[in-house]
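Input: a single structure, listed below in structure tokens.
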Amino acid sequence: MLLGLGLVLLLILLALGTWQVQRLHWKEGLLQTIDQRTHSAPLPLAEVEKEFASTGDVDYTPVTVSGTFLHSGERHFYATWEGDAGFNVYTPLALDDGRFVLINRGFIPYDLKDPAKRAKGQIPGKVTITGLARNPLPAKPSMMLPDNDVAKNIFYWKDRDAMAASAGLPAGFTLVPIFIDADKTPNPGGLPIGGVTIIDLPNSHLQYAMTWYGLAAALAAVLILRLRRPAKEE
């Protein structure tokens, strides 16, 4: 009985180790893709949209877009930057074709949530933004996150549809399906602080694989000793 349970546990440990090896290869491929994308030349929005429609993935692809900010509709995503608490400012950008795209213009300190306190950064007229395309989130990424407080304009996760619906956009508006994180080009008055995209994907799968395989090796040694014991005792 115990021997059978041990063999089942051994198979489980080996499967877990193999799964982590597979995850390792996946993560290494993902990191390589992100590195290639972030070091490539910016593409026009139309090309990025075409790629998103085809693959559903344009994360960290450099993109350039032109339009006019609708500053009255900026949405505030709770964030930290260099140890300070505050918000990333997501502002609708009106495109020439009448559509809108949400631009993460960058970080503002918590006490400067009111746009009137950073009026210089509310750029009027036509602008050109270069940054990184970001995929929309299909759902709340974790149950541990608070629900978005739309009434107070505080978002704890990037609900693209809720951001757009509460931004005062014209009736029947059309929204580009991705976000864009603006690069670190300085804004007038220094705010928002652009270039806040964090690319930090931990890759501990090799350590996990070694742990599972190590446990499997230890269990295999115990089982071998258990199988040999009766023969010695006879």
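The values are calculated or read from the model by the stated rules, or taken from the named source; none is laboratory data. Bear in mind the structure is a predicted one, so any value in this text is a computation, not a measurement. All Cβ positions, glycine included, derive from the backbone under ideal geometry; neighbour counts span all protein chains shown. Accessible surface is based on the protein model in full, side chains and every heavy atom, while ligands, DNA and RNA are left aside. Shrake-Rupley method; radii C 1.70, N 1.55, O 1.52, S 1.80 Å.
Looking only at residues in the stretch 187-204 that are closer than 16 Å to Thr91 by Cα and either assigned by the TED database to the domain that holds Gly131 or among the aliphatic types (A, V, I, L, M) (or both), the one that is modelled with the lowest pLDDT is Val196.
Conditions (1) hydrophobic (A, V, I, L, M, F, W, C); (2) farther than 25 Å from Gln36 by Cβ, marked per residue:
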| site | (1), (2) |
| --- | --- |
| Met143 | yes, yes |
| Ala171 | yes, yes |
| Pro192 | no, yes |
| Asp200 | no, no |
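Do you know which residues across the stretch 85-139 are surrounded by fewer than 14 Cβ atoms within 10 Å (Cβ to Cβ) and within 20 Å of the chain's Cα centre (by Cα)? The answer is Ala85, Leu137, Pro138, Ala139.
Give me the residue from the stretch 24-42 that is touching a strand residue (DSSP E or B) at 6+ places or on another chain (Cβ under 8 Å) and free of Cβ contacts under 8 Å to residues at least 24 places away in the same chain and, out of that set, most open to solvent (accessible area, probe 1.4 Å). Checked the stretch 24-42; the qualifying residue most open to solvent (accessible area, probe 1.4 Å) is Ala41.
Of all residues assigned to the stretch 134-155, none qualifies as being in contact with a Gly (Cβ under 7 Å, 6 or more places away or on another chain) and β-branched (Val, Ile, Thr). Residues that are surrounded by 14 or more Cβ atoms within 10 Å (Cβ to Cβ), touching a Phe, Trp or Tyr at 6+ places or on another chain (Cβ under 6 Å), within 21 Å of Val58 (Cα to Cα) and not assigned by the TED database to the domain that holds Phe107 are absent from the stretch 159-182. Determine, yes or no, whether Gly121 is on the phi > 0 side of the Ramachandran plot and modelled with pLDDT of 95 or more. So Gly121 fails the test.
Among the residues making up the stretch 43-82, those that are open to solvent by 80 Å² or more (accessible area, probe 1.4 Å) and within 15 Å of Val196 (Cβ to Cβ) are Tyr78, Thr80, Glu82. From the list Val48, Val21, Val58, the lone residue that is assigned to a helix (DSSP H, G or I), touching a strand residue (DSSP E or B) at 6+ places or on another chain (Cβ under 6 Å) and either within 25 Å of Gln207 (Cβ to Cβ) or not polar (S, T, N, Q) (or both) is Val48.
Against the test of being assigned to a loop (DSSP other than H, G, I, E, B), closer than 27 Å to His39 by Cβ and in contact (Cβ under 8 Å) with a residue 12 or more places away in the chain, the options Val196, Val127 yield a single qualifying residue, Val196.
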